[in-house]
Amino acid sequence: MMSAVNTEMLIDVWQRLLADPRKSWVLFEHGTCVVLTAPDGELAEQATEILREFGPAHAGSSAGDFGVIDLEDAEGWVVTGHHHDVLTHVGPDEPVDASEIAVGLFGRSKRHRDGTELHVVHVEDKRGSTAQRK
């Protein structure tokens, strides 16, 4: 389980990675972030529905696919899946080794846990940010 310190670290990482003032996003307990490109209504509910569908990993299907992005603006990696806006952070001390396959499998397992447990730990609502600018 993640501690409060890890949750705060994850919030900080995602705030740095998703610095666009128009991007609303929702963070789940194990490091999976759902970026809401068309935020509407209750953001946690919207993100939960996306993650319920696109979070669980099924080997041998597109739900088991992943990509690994080595981060420049934060430590660790982002693991992508079969939905462009579902991203999982993997810290540098989490995988057994730093090979792309180990990082990807570890991130996929974190996404699977988030996609089945569906526990929101943070909501970043940026909907008002663009309306205030002219």
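The values are calculated or read from the model by the stated rules, or taken from the named source; none is laboratory data. Not measured: the values here are computed from a predicted model. Every residue, glycine among them, receives a Cβ derived from its backbone with ideal geometry; neighbour counts consider all protein chains shown. Ligands, DNA and RNA are excluded from the accessible area calculation, which covers all protein heavy atoms including side chains. Shrake-Rupley method; radii C 1.70, N 1.55, O 1.52, S 1.80 Å.
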Handout entry: Residues (open to solvent by 40 Å² or more (accessible area, probe 1.4 Å) and in contact with a strand residue (DSSP E or B) (Cβ under 6 Å, 6 or more places away or on another chain)) located in region 98-118
Key = Glu100, Phe106
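Listed here are the residues, each with its yes/no results for (1) in contact with a strand residue (DSSP E or B) (Cβ under 7 Å, 6 or more places away or on another chain); (2) without any contact (Cβ under 8 Å) to a residue 12 or more places away in the chain; (3) crowded, with 18+ Cβ neighbours inside 10 Å.
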{"residue": "Arg16", "(1), (2), (3)": "no, no, no"}
{"residue": "Thr32", "(1), (2), (3)": "yes, no, yes"}
{"residue": "Val35", "(1), (2), (3)": "yes, no, yes"}
{"residue": "Ala38", "(1), (2), (3)": "no, yes, no"}
{"residue": "Glu42", "(1), (2), (3)": "no, yes, no"}
Practice task
Give the residues of region 69-97 that are part of a loop (DSSP other than H, G, I, E, B) and either among the small types (Gly, Ala, Ser) or open to solvent by 80 Å² or more (accessible area, probe 1.4 Å) (or both), sorted by residue number.
Solution key: Glu72, Asp73, Ala74, Glu75, Gly76, Gly81, His84, Gly91, Asp93, Val96
Exercise for the section: Could you grab me the full set of residues in region 44-63 that are assigned to a loop (DSSP other than H, G, I, E, B) and surrounded by 18 or more Cβ atoms within 10 Å (Cβ to Cβ)? Expected result: Gly55, Ala57
Problem - Search result, residues across region 44-74 that are free of Cβ contacts under 8 Å to residues at least 40 places away in the same chain and over 18 Å from Val34 (Cβ atoms) - result: His58, Ala59, Gly60, Ser61, Val68, Asp70, Glu72
Exercise for the section: Within region 18-30, track down each residue that is open to solvent by 20 Å² or more (accessible area, probe 1.4 Å) and at pLDDT 95 or above. Expected result: Glu29
Exercise for the section: Would you mind stating whether Phe66 is of a type in the set (Phe, Trp, Tyr) and open to solvent by 40 Å² or more (accessible area, probe 1.4 Å)? Expected result: yes
Exercise for the section: Return yes when Val35 is β-branched (Val, Ile, Thr) and either assigned to a helix (DSSP H, G or I) or touching a helix residue (DSSP H, G or I) at 6+ places or on another chain (Cβ under 6 Å) (or both) and no when it is not. Expected result: no
